[in-house]
Amino acid sequence: MTVSTEIPPMSSVASERAEALAQRLEEGARRLAAFAGTLTDVEWRTPFGTTDKREIGVIVHHVASIYPLEIHLAQVLTTGKPIEGVTWDAVAEVNAGHARENDGVTKEAALELLARNSADAAAVIRALSDEELAQAAPVSLYGDAPLTCQFFLEDHAVRHSYHHLARIRKALGR
């Protein structure tokens with residue numbers, strides 16, 4: 001997967017839509033952190049699912065660690081440039097590499113990273129204008145369908161913590 005590390009400039013025009021997105025991202029991160037904070041050591045090390053054998057703690061760290069990439073890709077869309085070279089196979093490779101590198105991550109480290117990266121992601125989102133949120137370009141992850149920055153944010157950075165929290169609750173039966 002080849003992704004430019006250049007961060008596009010952002011608008012300084014305040015947007016109610018951007019604020020709402022940022023608040024939803026922060027709420028999802030808070031919910032994930034609050035639930036993860038209650039996990040016992042055994043639960044923290046419980047496999048995530050029947051096919052996904054990553055430990056729940058690694059999943060919490062994964063959500064936190066992927067915010068910068070999700071936000072960067074959304075910023076690329078604000079410029080009207082396509083997201084190229086990002087495939088589901090590449091996502092699986094990134095996730096597998098993350099799991100190997102972060103096996104045994106502590107709850108404290110994961111929750112600290114979740115707090116820091118979700119706050120940073122929300123700050124970037126808040127800086128987006130309505131025009132930037134509406135900007136669309138082809139996204140390789142979706143068969144080069146032209147997607148808006150707002151959709152990409154909602155389907156990735158904003159949804160991510162809610163999605164994994166629901167799966168963690170299911171894995172633990174609570």
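Readers should treat all values here as calculations from the given coordinates under stated rules, not as data from a laboratory. It should be emphasised that the depicted structure is a prediction, and the values quoted were computed from it without experimental measurement. We place every Cβ from the backbone using ideal geometry, glycine too, and count neighbours over all the protein chains shown.
Among the residues of the range 129-144, those identified as of a type in the set (D, E, K, R) and either over 20 Å from the mean Cα position of the chain (by Cα) or surrounded by fewer than 17 Cβ atoms within 10 Å (Cβ to Cβ) (or both) are Asp130, Glu131, Asp144.
Of all residues being in a helix (DSSP H, G or I) and free of Cβ contacts under 8 Å to residues at least 40 places away in the same chain in the range 124-150, which is farthest from Lys81 (Cα to Cα)? Just the residue, please.
Just the residues of the range 124-150 that are in a helix (DSSP H, G or I), to begin with: 124-126, 130-134, 140-142, 149-150.
From what is left, the residues that are free of Cβ contacts under 8 Å to residues at least 40 places away in the same chain are 134, 142.
On the way: Ala134: 13, Tyr142: 15 Å.
Across the range 124-150, the extreme among qualifying residues is Tyr142.
When the range 23-54 is examined, which residues are found to be of a type in the set (Asp, Glu) and under 13 Å from Leu165 (Cα atoms)? Once the filter is applied, which keeps residues that are of a type in the set (Asp, Glu) and under 13 Å from Leu165 (Cα atoms), the range 23-54 yields only Glu27.
Looking only at the range 150-174, filter to residues that are more than 16 Å from Pro68 (Cβ to Cβ) and among the hydrophobic types (A, V, I, L, M, F, W, C); which one of those is surrounded by the fewest Cβ atoms within 10 Å (Cβ to Cβ)? Per the stated criteria, the residue is Ala166.
Before we move on, is Ala110 in a helix (DSSP H, G or I), touching a residue at least 60 places away in the same chain (Cβ under 8 Å), touching a Pro at 6+ places or on another chain (Cβ under 9 Å) and among the small types (Gly, Ala, Ser)?
Numbers: in a helix (DSSP H, G or I): yes; touching a residue at least 60 places away in the same chain (Cβ under 8 Å): yes; touching a Pro at 6+ places or on another chain (Cβ under 9 Å): no; among the small types (Gly, Ala, Ser): yes.
The answer is no for Ala110.
Per the conditions (1) part of a helix (DSSP H, G or I); (2) free of Cβ contacts under 8 Å to residues at least 12 places away in the same chain, the sole criterion not satisfied by Thr51 is (1).
Which residues, taken from the range 133-154, are within 18 Å of Trp88 (Cβ to Cβ) and in contact with an Asp or Glu (Cβ under 7 Å, 6 or more places away or on another chain)? Hits for the range 133-154 are Pro138, Ser140. Restricted to the range 57-98, and to residues there that are touching a strand residue (DSSP E or B) at 6+ places or on another chain (Cβ under 8 Å) and in a helix (DSSP H, G or I), the residue that is nearest to Arg169 (Cα to Cα) is Leu73.
Considering only residues that are closer than 17 Å to Ser118 by Cα and touching a residue at least 24 places away in the same chain (Cβ under 8 Å), look in the range 31-48 and name the one that is surrounded by the most Cβ atoms within 10 Å (Cβ to Cβ).
Kept after step one, since they are closer than 17 Å to Ser118 by Cα, are these residues of the range 31-48: 31-37.
Pick out the ones that are also touching a residue at least 24 places away in the same chain (Cβ under 8 Å) and you get 31-33, 35-37.
Numbers: Arg31: 14, Leu32: 26, Ala33: 20, Phe35: 16, Ala36: 24, Gly37: 11.
Step by step, filter the range 31-48, then rank; the result is Leu32.
Scan the range 113-136 and tell me whether some residue there is more than 17 Å from Ala22 (Cβ to Cβ), out of contact with any strand residue (DSSP E or B) (no Cβ under 7 Å at 6 or more places or on another chain) and among the polar types (S, T, N, Q). Scanning the range 113-136 turns up no residue that is more than 17 Å from Ala22 (Cβ to Cβ), out of contact with any strand residue (DSSP E or B) (no Cβ under 7 Å at 6 or more places or on another chain) and among the polar types (S, T, N, Q).
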